[in-house]
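*Asks:* Have a look at the structure that comes next, please.
What follows draws every value from the coordinates through simple rules; no lab data is involved. Keep in mind that what you see is a predicted model, and the values were worked out from it rather than measured. Every residue, glycine as well, gets a Cβ built from its backbone with ideal geometry; the counts of neighbours run over all protein chains shown.
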Amino acid sequence: MNWKEVCESPELQNLPFKLELNKDGEVVMNAVQVNHALFAGKIIHFLEIHLPNGYSLPEFPVMTSDNVKSPDVVWISGERLEQVKGLVAANISPEICVEVKSPHNTWKKLYEKAQLYFEQSALEVWFCNEQGAMTFTNLDGPIQHSELAPTFPQQLEL
């Protein structure tokens, strides 16, 4: 399958899963639990406070070398958003891509996705663990805090 077919398939609509495609065009479904959604919502809220001159969005499709991946949360500038409007999946990553760890995710898979986002020009990839601790990375590796949003909290509470 390709991403357009996934988006248009009636069978795949309204599922309680996050959908992505792997490099073989196979649909990958990830079940989302309540805390995952709560952390994603908090991240969006704080991004809107700490980076108000852009767009904080959930589940943003990015075409990568391993097909379409959808970070849980992104922050994208108006300039980048103009470049991808109307596309089925963005051909450039938002500046910030955030992955919220779920029990079924492995850190290895999340780090692999981070590399895919960096290949598509992400500036930072953030991770939120299952206890709400935030970690930040850029292309050079881990950083103490976000360089784009230096006052973003390092711990989120539910």
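*Asks:* Which loop-located trypsin sites (Lys or Arg not before Pro) does segment 59-108 contain, where loop means any DSSP state but H, G, I, E or B and the Cβ has at most 10 other Cβ atoms within 10 Å?
*Replies:* When the trypsin sites (Lys or Arg not before Pro) of segment 59-108 are filtered for loop state and at most 10 Cβ neighbours within 10 Å, Lys85 remain.
*Asks:* Could you go through segment 57-68 in sequence order and give the Karplus-derived ³J(HN,Hα) for each residue, using 6.51 cos²θ - 1.76 cosθ + 1.60 with θ = phi - 60°, rounded to whole Hz, and x for Gly and Pro?
*Replies:* Each residue's phi maps through the Karplus curve to give 9, x, 6, 9, x, 10, 6, 10, 5, 10, 6, 7 Hz.
*Asks:* Below 8 Å between Cα atoms, with a sequence gap of 6+, how large is the relative contact order for the chain in percent?
*Replies:* Reported relative contact order: 18 percent.
*Asks:* Suppose every Lys and Arg Cβ carries +1 and every Asp and Glu Cβ carries -1, with no other charges. What dipole size does segment 31-143 come out with about its Cα centre, to the nearest 20 debye?
*Replies:* The dipole magnitude comes to about 240 debye.
*Asks:* Once the Cα atoms of helix 34-50 and of the chain are each reduced to a long axis, what angle between those two axes, in degrees from 0 to 90 to the nearest 10, is obtained?
*Replies:* Helix 34-50 sits at roughly 60 degrees to that axis.
*Asks:* If amide H atoms are built 1.01 Å from N in the plane of the peptide, which residues on other chains or at least 5 residues away come under 5 Å of the amide H of Ala133?
*Replies:* It is Leu156, by chain and number.
*Asks:* Give a residue-ordered list of calculated ³J(HN,Hα) values for segment 90-96 (Karplus: 6.51 cos²θ - 1.76 cosθ + 1.60, θ = phi - 60°; whole Hz; x for Gly, Pro).
*Replies:* 5, 8, 9, 6, x, 4, 10
*Asks:* Tell me the mean residue ellipticity at 222 nm calculated for the chain from its helices only (DSSP H runs of n ≥ 4, each -39500 (n - 2.57), averaged over every residue, nearest 500).
*Replies:* Only helices count here, giving -8000 deg cm²/dmol.
*Asks:* May I pose another question? Give a residue-ordered list of calculated ³J(HN,Hα) values for segment 109-117 (Karplus: 6.51 cos²θ - 1.76 cosθ + 1.60, θ = phi - 60°; whole Hz; x for Gly, Pro).
*Replies:* For segment 109-117, the Karplus-derived couplings read 5, 5, 5, 5, 5, 4, 4, 5, 5 Hz, x marking Gly and Pro.
*Asks:* May I pose another question? To one decimal place, what Kirkwood hydrodynamic radius in Å is obtained for the chain from all pairs of distinct Cα atoms?
*Replies:* 15.8
*Asks:* Then there's this: For Ser121, which sequence-distant residues (separation of 5 or more, or a different chain) have an amide H within less than 5 Å of its own amide H, given hydrogens modelled in the peptide plane?
*Replies:* For Ser121, the qualifying residues are Ser93.
*Asks:* Same structure, new question: What does segment 69-158 give for Rg and for Dmax, in Å, if only its C-alpha atoms count?
*Replies:* Expressed in Å, the Cα Rg and Dmax of segment 69-158 come to 13.0, 36.
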